[in-house]
1. At a 10 angstrom cut-off on C-beta neighbours, averaged per residue, how do the peptides 79-90, 51-62, 7-18 rank from highest to lowest?
2. By how many nm would the segment from residue 58 to residue 103 grow when fully extended, if each residue of separation counts as 0.36 nm and the alpha-carbon distance is taken off?
3. For residue 5 and residue 67, what is the calculated FRET efficiency with R₀ set at 35 Å and r taken between the beta-carbons, to the nearest 0.05?
4. Which angle between 0 and 90 degrees, to the nearest 10, do you get for helix 11-28 versus the longest principal axis of the chain when only C-alpha atoms count?
5. Among the lysines, which fall within straight-line cross-link reach of residue 59, defined as a Cα-Cα distance under 21 Å, with same-chain neighbours fewer than 8 residues apart omitted?
Amino acid sequence: MRDMLTEGIDPAEQRLQDKLKLKARLENTFRGTADAWFDFRSRAWAKSTQKQVRDYLDKDLLPVLGKRPLAAITTLELAAFTRRLEERGAPDVAKKARQWLASIFSFAREWMG
């Protein structure tokens, strides 16, 4: 924060602008929200966890949900989606997908307030 003040940047204003930019990004699509969630959460993860989550996002979640408006995605749709993962013989992926979906939507609610 001191560096920001030294550069003539108001930290409170910067946080507000960052939040507004993120909110605009989140409101558009599941992909924008998932990417913002990944950027935020992955800082605390080991590199191997980052890779695993990114791979599952790119392979399983984003191709199906990525272009959908976040507000249009229903609980029933997500249940059907994770059921299809289980039916293809990937129960562990389905379990992780449920956890990540819950976290992504929670992240969106927090930032979209």
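Quick note: the coordinates plus some simple rules give every number you see, no bench work behind them. The structure displayed is predicted, hence computed values, not measured ones. All Cβ positions, glycine included, derive from the backbone under ideal geometry; neighbour counts span all protein chains shown.
1. Details: 79-90: 13.7, 51-62: 15.8, 7-18: 10.6.
Order by mean packing, descending: 51-62, 79-90, 7-18.
2. Working: separation 45, 0.36 × 45 = 16.20 nm, distance 1.65 nm.
Here the answer is 14.6 nm.
3. Details: r = 41 Å, r/R0 = 1.17.
Efficiency, rounded to the nearest 0.05: 0.30.
4. Taking Cα atoms only, the helix is inclined about 30 degrees.
5. Within the straight-line cut-off, residue 59 pairs with 47, 51, 67, 95, 96.
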